[in-house]
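The values are calculated or read from the model by the stated rules, or taken from the named source; none is laboratory data. Computed from a predicted model, the values in this text were never measured in an experiment. Here Cβ is always computed from backbone atoms with ideal geometry, including for glycine, and neighbour counts include all displayed protein chains.
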Amino acid sequence: MTDHASTSGSPAHQNIDTSVPHSARIWNYWLGGKDNYPVDEQAGDAYTAVFPGIVTIARSSRAFLRRNITYLAAEAGIRQFLDIGTGLPTADNTHEVAQRVAPESRIVYADNDPMVLAHARALLYSTPEGATAYVDSDVHDPDRILAAAADTLDFRRPTALILSNILGHIQDHEQARSIVTRLMGALPSGSYLSINDGSRGIDPVFEQAQDAYNESGAVPYTLRTVDEITSFFDGLKLLDPGVVSVPLWRPDPTDPAPEVIAEHGGLALKP
């Protein structure tokens, strides 16, 4: 990181628990990363044995995020990003995509996995013109995230809130909606909300694999219907094509023909 970057609220004594699989490390494993432990690989392999398509979902999710951030920085003129539940650094992280377009972009990441935080300190560099910071906090505590992020972001200016594959970790749907409402309520008009999550009612094999994962002792992840995912955008103006399977959201012309997968998302403007 540059001098502009910081970590907030991160206890130095925090330990990494290698005995329980963690979704951020499993996701890293599916993306081809190396920042995971045998317990994560075992959980990931057990999942793919039932549903090999999870690797496509993971990579399609990352591509959706890249297209979202590119639009926000290049076309919407957004220069501030709050990315909650970012997971382990891989290719095309939010700050990399945004600062390629606009080097002055300021990005705050929030996550509560000590391994994610450790790698953030080493890997998440900012351009000299911009800033990149990390907040050690849980999505269940939006007020703490907002307070810490305010050290880097000016919430009087339009900001993009990124919630990529994190709301599934909030099992109660109304609680998840309340958290989204609280976070967006702190952002001014002209801000954006980007959400993508695993969806129910699309692929029964995916649902079977996810149910088995949830029973493994790992932190559970709740799949939601497309209507439930869409409800997170209530009161906002959804950009075309709305909430869709992520490969169908403004695909790059050079991409292969997109297919429907059980991962839905969208991008919306706060009026």
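Residues to consider are Val243, Val226; find the one that is buried (at least 17 other Cβ atoms within 10 Å of the Cβ), under 26 Å from Ala186 (Cβ atoms) and of a type in the set (A, V, I, L, M). Walk me through it before giving the result.
Numbers: Val226 fails: under 26 Å from Ala186 (Cβ atoms).
Just one listed residue meets the conditions, Val243.
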Look at Asp138 and say whether it is within 14 Å of the chain's Cα centre (by Cα) and in a loop (DSSP other than H, G, I, E, B).
yes
Going by the conditions given, is Arg100 charged (D, E, K, R), more than 14 Å from the chain's Cα centre (by Cα), under 24 Å from Ser60 (Cα atoms) and at pLDDT 95 or above?
yes
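Only one of these is surrounded by fewer than 23 Cβ atoms within 10 Å (Cβ to Cβ) and without any contact (Cβ under 8 Å) to a residue 12 or more places away in the chain: Asp203, Asp172. Name it.
Working: Asp203 fails: without any contact (Cβ under 8 Å) to a residue 12 or more places away in the chain.
Exactly one residue qualifies, and that residue is Asp172.
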Take Val180 and decide whether it is farther than 18 Å from Ala73 by Cα and part of a helix (DSSP H, G or I).
yes
Test Thr127 against the stated conditions and say whether it is surrounded by fewer than 20 Cβ atoms within 10 Å (Cβ to Cβ), within 18 Å of Val243 (Cβ to Cβ) and not acidic (Asp, Glu).
no
Output the number of the condition that Asp255 fails; it satisfies all remaining conditions of (1) over 22 Å from Ala63 (Cα atoms); (2) of a type in the set (D, E, K, R); (3) out of contact with any strand residue (DSSP E or B) (no Cβ under 8 Å at 6 or more places or on another chain).
(1)
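Test Leu161 against the criterion of being at pLDDT 95 or above, within 23 Å of Asp111 (Cβ to Cβ) and not in a helix (DSSP H, G or I), and give yes or no.
Details: at pLDDT 95 or above: yes; within 23 Å of Asp111 (Cβ to Cβ): yes; not in a helix (DSSP H, G or I): yes.
Considered against the rule, which asks whether it is at pLDDT 95 or above, within 23 Å of Asp111 (Cβ to Cβ) and not in a helix (DSSP H, G or I), Leu161 comes out as yes.
Could you tell me which residue of region 72-97 is surrounded by the fewest Cβ atoms within 10 Å (Cβ to Cβ), considering only residues that are part of a helix (DSSP H, G or I), under 16 Å from the mean Cα position of the chain (by Cα) and in contact (Cβ under 8 Å) with a residue 24 or more places away in the chain? Break it down stepwise before answering.
Kept after step one, since they are part of a helix (DSSP H, G or I), are these residues of region 72-97: 72-74, 94-97.
Still in the list and also under 16 Å from the mean Cα position of the chain (by Cα): 72, 94-97.
Next, only the ones that are in contact (Cβ under 8 Å) with a residue 24 or more places away in the chain stay: 72, 94-95, 97.
Working: Leu72: 27, Thr94: 27, His95: 28, Val97: 22.
Within region 72-97, the match that is surrounded by the fewest Cβ atoms within 10 Å (Cβ to Cβ) is Val97.
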